[in-house]
Structures are given as C-alpha cells and as structure tokens.
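S.K.: Below is a structure I'd like to ask you about.
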Amino acid sequence: MNTPLVSPFALSPSGVVKRSVAVGAAVLVVAAAAQVAVPVPLNPVPMTLQPLAVLVVGGLLGPAAGAAALTLYLVLGMLGMPVFAGGSAGFVHVIGPTGGYLLAFPAAAAVAGLANRAGAGLGRVLLFCTLAMAVIHLGGTAHLALLGGNPAAAFRLGFVPFFTGDLLKVGLAAAVILGAGPKVRALL
C-alpha cells in the first residue's frame, strides 16, 4: 500500500528514480502552467494556471513529493530559470507582489497531497484541494498586506479577483486527481 508520507530513504533505488522523475515532471507542469498568465487590470498579480498545477501535483504525488516539487520549482526560479509567470525568473519575484503566493506553493502542495490515498472519495479530495487553495490565498494576501500596509486592499487585490476562477480550479484539480490518481500511484 502506498502511503502519502514516504521517506525517500524508504524507497528502493528504482523507487527513488521514479520519484525523482515524477518531481522533475511536476516542476515542468507547474512551469508550463505559469506561462498561461492573464494580466488583471490595476493588479500586480496575474491570473495563471499555477494554482491548478500546484493542487494537481500535490494531489497526485502526495505531501512529501508534492512539496519537494514546488520547493525545487521555487529554487529554480530564484536561480534564474524562466519558470515563473510569463517566463520570468529571479529572487525579486519572491519578495515582490507575487511572492506570498509562490512561497505558499510547497505548503499548498503538501496539503493537497493529503488527498492522495487509494480510495479517496470526491469529498476528501475537494476538501484538501479547497484547503490547499486557501493556503495559497492566505500566503498571497498576507504578503500583499505586508508590502502595502493595507490588509483590506490586499484582500481586494489578492483574493477577490481570483475567487471564482480558483473555485473552478479546485473542481478541475479534484477531477484530475480522482481520474489520474490511481494510475500515478501505480507508477510510483
């Protein structure tokens, strides 16, 4: 039985290779999702498919591998790889308006990963995807509030424009996790 909190040291060498490939593929998926960026008028934060990818990665890989993939994604972006929205890169994105969202991604992937159980039903998957999306918005809105000094404006800019789209992303992520989860777990 595959448990979602597997230590890489508990895996066979082939298991480590499979997990490493899965983490690398997950980084590519999130980086590709970041390239689908739609500017929001009068807002420093664009709408992207990153939150959807973060939830799917966590939900398919589990908490540990999901968080590892998003941590690697952040490190690569900070080191200059063009993986952030619009092909951008650099440490400035972590300290800028999108930084709170980016820094919340590993934790959100870990939360979504709690849905990664054989036989997990729709309710469980939706719950953990919703909680993971809340983690992303909490990080993003809190960071915007710190930068701007105005929590109400941060909520208006960092949460309100994204709410409806992110509800759809939660539903899509749950569908992908439920549909592909058994196949992915069988490979890992």
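S.K.: Hey, Ala153 hits all of (1) open to solvent by 50 Å² or more (accessible area, probe 1.4 Å); (2) of a type outside the set (Val, Ile, Thr); (3) assigned to a helix (DSSP H, G or I); (4) over 23 Å from Leu70 (Cα atoms) but one; which does it fall short on?
M.R.: The failed condition is (1).
S.K.: Would you point out the residue of the range 105-130, among those that are touching a residue at least 12 places away in the same chain (Cβ under 8 Å) and more than 23 Å from Val21 (Cα to Cα), that is nearest to the chain's Cα centre (by Cα)?
M.R.: That would be Cys129.
S.K.: Can you name every residue in the range 21-53 that is surrounded by 15 or more Cβ atoms within 10 Å (Cβ to Cβ) and more than 20 Å from Val160 (Cβ to Cβ)?
M.R.: Matches in the range 21-53: Ala22, Val23, Ala26, Val27, Val29, Val30, Ala31, Ala33, Ala34, Gln35, Val36, Ala53.
S.K.: Now for a separate question. Pick out the one residue from Ala109, Ala104, Ala120 that is at pLDDT below 95 and open to solvent by less than 40 Å² (accessible area, probe 1.4 Å).
M.R.: Among Ala109, Ala104, Ala120, only Ala120 is at pLDDT below 95 and open to solvent by less than 40 Å² (accessible area, probe 1.4 Å).
S.K.: So, in the range 156-182, of the ones that are farther than 16 Å from Pro51 by Cα and in contact (Cβ under 8 Å) with a residue 60 or more places away in the chain, which residue ends up least open to solvent (accessible area, probe 1.4 Å)?
M.R.: So, considering only residues that are farther than 16 Å from Pro51 by Cα and in contact (Cβ under 8 Å) with a residue 60 or more places away in the chain, the one least open to solvent (accessible area, probe 1.4 Å) is Gly181.
S.K.: Pick from the range 139-149 the residues that are more than 11 Å from Phe105 (Cα to Cα) and part of a helix (DSSP H, G or I): which of them is most open to solvent (accessible area, probe 1.4 Å)?
M.R.: The extreme case among them is Leu146.
S.K.: What is the number of the single condition among (1) within 16 Å of Ala174 (Cβ to Cβ); (2) open to solvent by less than 30 Å² (accessible area, probe 1.4 Å); (3) not β-branched (Val, Ile, Thr) that Phe128 does not meet?
M.R.: All conditions pass for Phe128, except number (2).
The values are calculated or read from the model by the stated rules, or taken from the named source; none is laboratory data. Since the model is a prediction, treat every value here as computed from it, not as a measurement. Neighbour counts are summed over all protein chains in view; Cβ atoms, including those assigned to glycine, are modelled from backbone coordinates with ideal geometry. Calculation scope for accessible area: heavy atoms of the full protein, side chains included, ligands and nucleic acids excluded. Shrake-Rupley method; radii C 1.70, N 1.55, O 1.52, S 1.80 Å.
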